[in-house]
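Chemist: The structure that follows is given in the form of structure tokens.
Values in this text are rule-based calculations from the coordinates and carry no lab data. Nothing here was measured: the structure is a model prediction, and the numbers come from that model. FYI the Cβ positions are ideal-geometry reconstructions off the backbone, even for glycines, and counts take in every protein chain you see.
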Amino acid sequence: MKHYETVFILNPVLSEDQAKDTVEKFVKVLTKAKAEVINVEKWGLKKMAYAIQNKSTGFYNLIEFSTSSSDLINTLETEFRRDESVMRFLTIALDKHAVVYNERRRKGEFNRNKKQTTRKEEVAA
Amino acid sequence: MTLMNEPIKRAENKPKYCRFKKNGIKYIDYKDPDFLLKFINEQGKILPRRLTGTSWKFQNKVAQAVKRARHIAILPYLADSLK
């Protein structure tokens, strides 16, 4: 079961619920192919470092999943390419250190919300 | 070649170390901008190893993480005053 993580940016023109069900659509693609979806994160509307399709903000979403079939990634990416509300997507394979890191991140060890987290805390945890 | 009466700057020749090996960090997250900001300069370029002192293996991981962050617009490709 290889672990994968995909981050994609949705067009800010979409309304909240449109963005929500496009994310649902992609999760459905994964569950239909019997992939195990570990984590779905919505970072909401975020300012981008540079303009994409001359828009400076976008809905950021993250899906972490694990699957054994390798062609699922191709189908997922063609799904991303077909949907024009997706401005940009990035799918990566996670090695074992990344999987451990994601679990600790989900448990909130890096306490994402509190701003004054220092790397030492992260290492100590 | 330090001159006779020129002070040897202690700060310069203190040994550099790879902060990833020292702190035992194994994975560099490309989604975390404030950690990656430490490895790029004001124009958004990746800092070279001779300045940061990181080992070859982790410099590749840093470079890959920065390039991924740039792809999903978390870091800019070029910026004028980033920090």
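Chemist: Please pull out the direction-averaged projected area of segment B:29-83, using the convex hull of its alpha-carbon atoms, in nm² to one decimal place.
Modeler: Taking the Cα atoms of segment B:29-83, their convex hull projects to 3.3 nm² on average.
Chemist: Restricting to DSSP H runs of at least four residues, report the calculated mean residue ellipticity at 222 nm for chain A, -39500 (n - 2.57) per run over all residues, nearest 500 deg cm²/dmol.
Modeler: -11000 deg cm²/dmol
Chemist: Can you tell me, using C-alpha contacts under 8 Å and at least 6 residues apart, the relative contact order of chain A as a whole percent?
Modeler: Here the relative contact order equals 35 percent.
Chemist: Over the protein assembly as shown, how many percent of alpha carbon pairs lie in each 10 Å bin up to the one with the longest distance?
Modeler: Here the calculated profile for the protein assembly as shown is 7, 29, 33, 20, 6, 3, 2, 0.
Chemist: So how much slack lies between residue A:71 and residue A:51, counting 0.36 nm per residue of separation and subtracting their Cα-Cα distance, in nm?
Modeler: Result for the pair: 4.0 nm of gain on full extension.
Chemist: In addition: Kindly express, to the nearest 10 degrees and within the range 0 to 90, the angle between helix B:56-71's C-alpha long axis and the longest C-alpha principal axis of chain B.
Modeler: Roughly 40 degrees between the two axes.
Chemist: Just list whichever of A:20/B:26; A:47/A:107; A:28/A:96; A:55/B:57; A:25/B:38; A:46/B:57 have alpha carbons separated by over 28 Å in the model shown.
Modeler: The pairs that break the limit, which is 28 Å between Cα atoms, are A:20/B:26; A:55/B:57; A:25/B:38; A:46/B:57.
Chemist: In nm, to one decimal, how far is the residue A:78 label point from the residue A:27 one, both placed 7 Å along Cα→Cβ?
Modeler: Placing both labels 7 Å along Cα→Cβ, they lie 2.5 nm apart.
Chemist: Now a separate question. Please average, across the residues of B:25-38, the number of beta carbons from any other chain that are within 10 Å of each residue's own beta carbon, and give a whole number.
Modeler: Shielding by partners across B:25-38 averages 4.
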